[in-house]
């Protein structure tokens with residue numbers, strides 16, 4: 001089994017709704033780590049190309065950078081929690097990459113960290 005990870009960071013604010021109360025708008029430097037997992041390497045000894053994964057991850061995060069998540073789809077309709085950001089990104093990344101990675105690899109998980117050393121959430125996608 002092989003795994004590789006690719007990281008990207010973006011800055012964004014959010015105001016969570018907890019128990020019906022909206023907290024004060026505040027910002028984070030979000031760190032996103034995507035993990036690709038697979039059983040077989042290609043003829044070049046690669047699970048997949050780091051650059052391809054990074055390009056797609058950057059593209060998926062671009063609408064969030066320097067924004068208020070509460071105003072950006074899909075978080076204009078749902079609470080912009082780290083858990084839901086991670087779920088959104090893992091699903092979007094898998095939709096974009098899994099067809100090219102199949103059958104030997106897949107998007108395994110996306111980890112979202114709101115504040116380094118303070119809070120981290122992982123959403124794991126099972127295959």
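Rule-based calculations on the coordinates, nothing more; no lab input. Here the structure is a predicted model, which is why all the values come from computation and not from measurement. Please note: Cβ atoms are built from the backbone with ideal geometry, for glycine as well, and neighbour counts cover all protein chains shown.
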Can you tell me what the convex hull of the Cα atoms of the chain projects to on average, as an area in nm²?
8.1 nm²
What the Cα atoms of segment 22-86 span along the principal axes, largest first and in whole Å, is 51, 20, 19
What FRET efficiency do you get for residue 44 and residue 78 if R0 is 41 Å and r is their Cβ-Cβ distance, rounded to the nearest 0.05?
0.50
Using only helices, what value at 222 nm comes out for the chain when you add -39,500 (n - 2.57) per DSSP H run of length 4 or more and divide by the total residues, to the nearest 500 deg cm²/dmol?
-8500 deg cm²/dmol
Expressed in nanometres to one decimal, the distance between label points 7 Å along Cα→Cβ at residue 55 and residue 17 is 3.8 nm
Taking Cα atoms only, helix 82-101 is inclined relative to the longest principal axis of the chain by an angle, in degrees rounded to 10, of 20 degrees
Relative to the first principal axis of the alpha-carbon coordinates of the chain, what is the inclination of helix 50-61, with its axis defined by its Cα atoms, in degrees from 0 to 90 and to the nearest 10?
20 degrees
Over segment 48-92, what portion of Cα pair distances is larger than 16 Å, expressed as a whole percent?
38 percent
